[in-house]
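> Here's a structure for you.
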Amino acid sequence: MTGQPDVAPAGPPLPWRQGIGVRLLLVLLLLSVGFVGLSAMHDHRTEREAARAALRECSQSLARHGAMVCPGLLAANDLPALEAYVDGLVRTEPAVVFASVMRIADGKVVAARARDPVEDLTVSSVDQPILAGQTGERIGTLRLGISPQPMQRALRGQTWALLLRSGLAVLLIVASFWIALRHLLLRPLWRLGAAAQRLGNGDLEAPVGNFGASELGQLGRTLEAMRAKLRQDHRSLAGQNDRLLGLDRLKSQFLANTSHEMRTPLTGILGGAEVLLEAAGPEHAEVAAAVHRYGEQLLDLVDRLLDLAKLESGNLLVELRRCRPAATCWCTARKAAARGWS
C-alpha cells in the first residue's frame, strides 16, 4: 500500500492538426475569408453600379457640352476647329474612344476622330443633336463612343487593392488572435494537462499552480483541492498501513514465541505418554494411547505455526529430497485418518 498506484501511461501527444488552437484558428480564418469575400463582392457590385451611373452622367455631360460648343463652329463651317475639338475629346477623355460631328444638311461627317485601334465590343454611342443658337433648328449631330473599359480597369484595381488591404487585415487579426489564444487558453491548458498527468502518475507533492480568476483558474483550483485531498488520504493510508504492518509483525512474533514455548512441554508430555503407554495395564492403555495421539496432533499444530511464522519472516528453508510418491501419499492418508479426516 505504500507504493505508487499503477496508472495507464499517458498517450502520445496529439497531432497539431487536432489541437483546439489550430481548429479555432481555422474557424476564424474561414469566417474572416468568407466575410472579406462577401464584403468585397458587395463593394464591387456597388462600385460597379455607381461607376456605370457616373459614366452615363459623364458621357451625357460631354455630349451636352459638345452640343453647346459645336453650333457656332458648324454654322461658320470652321472644320479645323471642329477637328481640333473632337480630337481633344478623344485624347483627354479616357472613356471616349471616338467622336464625330455630322452635318444634317448633306449628311456628311465633317469632323471625326477615333482612338486606334478600337477593339472594344462594349462601346456604346451617345448622340446629341446640335441646335442653332437663334432658331433652335437642328443643324447636326454629335456622336460620342463611350467605352466602359477604363472604368472597369480602375474598378478592378480598386477591388484588388481592397482585397489586399482586407487580406493584410485578416492576417493581422489571425496573428493577434493566435497570440491571445496561446497566452489566455492554450498555455494554461497545457499546464493543466501536465498537472493532471503528474497526479495520474502519483506525484502528489508538486502544486498545480495559479491560473487566474477565469474558468481555467477555477478548474486549476479544483484540481489543486483534489491533489491536496489525495495527498492527505495517501498519507493517512500510509500511516494505517505502517500500523497494520507493525501489528502483523507483533502477531507473527507472538505466534513464533508461543509455539516455541509450547513445543518444549509438549515434547515432555509425549515422552511421558509413551512411558505410560508401555507401563500401563490393559485398563489404562486406551487412555494412555489417546493422550499420546492428541499430544502428537497438538505438536504437529505447533510445528505448523512455527513454519507459518518462518514463512512470514522469510526464514523458512525448503529442502529438496528424494521420495516415493506412494509412500508419501500413504503417510499423508495415515495422518489424516489419525486426525479423523475423511
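> Could you name the aspartates and glutamates whose alpha carbon sits less than 19 Å from that of LYS108, not counting residues in the same chain fewer than 8 places away?
Correct list for LYS108: ASP78, GLU83, ASP87, ASP127, GLU137.
> Along its principal axes, what span do the Cα atoms of region 25-160 show, with the longest given first and each in whole Å?
So the extents along the principal axes, rounded to whole Å, are 74, 31, 20.
> In bins 5 Å wide, starting from 0, what share of all Cα pairs of region 242-317 does each bin hold, as a percent?
3, 16, 19, 16, 13, 10, 9, 6, 4, 2, 1, 0
> Can you tally the net charge around ARG263? Count Lys and Arg as +1, Asp and Glu as -1, for every other residue whose Cβ sits under 14 Å from the Cβ of ARG263.
Surrounding charge for ARG263 is -3.
> Moving on to the next point. Less than 13 Å Cβ to Cβ from GLU93, Lys/Arg counted +1 and Asp/Glu -1: what total charge do the surrounding residues give?
+2
> Let me ask something else. What whole number of Å gives the distance from the Cα centroid of region 50-101 to the Cα centroid of region 171-210?
Distance between centres, Cα-based: 72 Å.
> When you count, for each residue, the other Cβ atoms within 10 Å and take the mean per peptide, how do 292-299, 201-208 rank with the highest first?
For the peptides 292-299, 201-208, the packing ranking is 292-299, 201-208.
> Now for a different question. Count the net charge of all other residues whose Cβ sits under 14 Å from the Cβ of LEU162, scoring Lys and Arg as +1 and Asp and Glu as -1.
Net local charge, LEU162 excluded: +2.
> For labels at LEU184 and VAL27 in the simple 7 Å Cα→Cβ model, what's the distance in nm?
So the label points at LEU184 and VAL27 sit 1.4 nm apart.
> If packing is taken as the mean number of other Cβ atoms within 10 Å per residue, what is the order of 132-140, 58-66, highest first?
Top of the packing list down: 58-66, 132-140.
> May I ask you to compute the full-extension gain from ILE20 to LEU219, defined as 0.36 nm times their residue separation minus their alpha-carbon distance, rounded to one decimal in nm?
69.9 nm
> Under a crude label model (7 Å from the Cα following the beta-carbon direction), how far is LEU308 from ASP87 in nanometres?
Taking the two extended label points, one gets 13.1 nm.
Taken together, the values in this text are just the output of simple stated rules run on the coordinates, not laboratory data. Not measured: the values here are computed from a predicted model. Every residue, glycine as well, gets a Cβ built from its backbone with ideal geometry; the counts of neighbours run over all protein chains shown.
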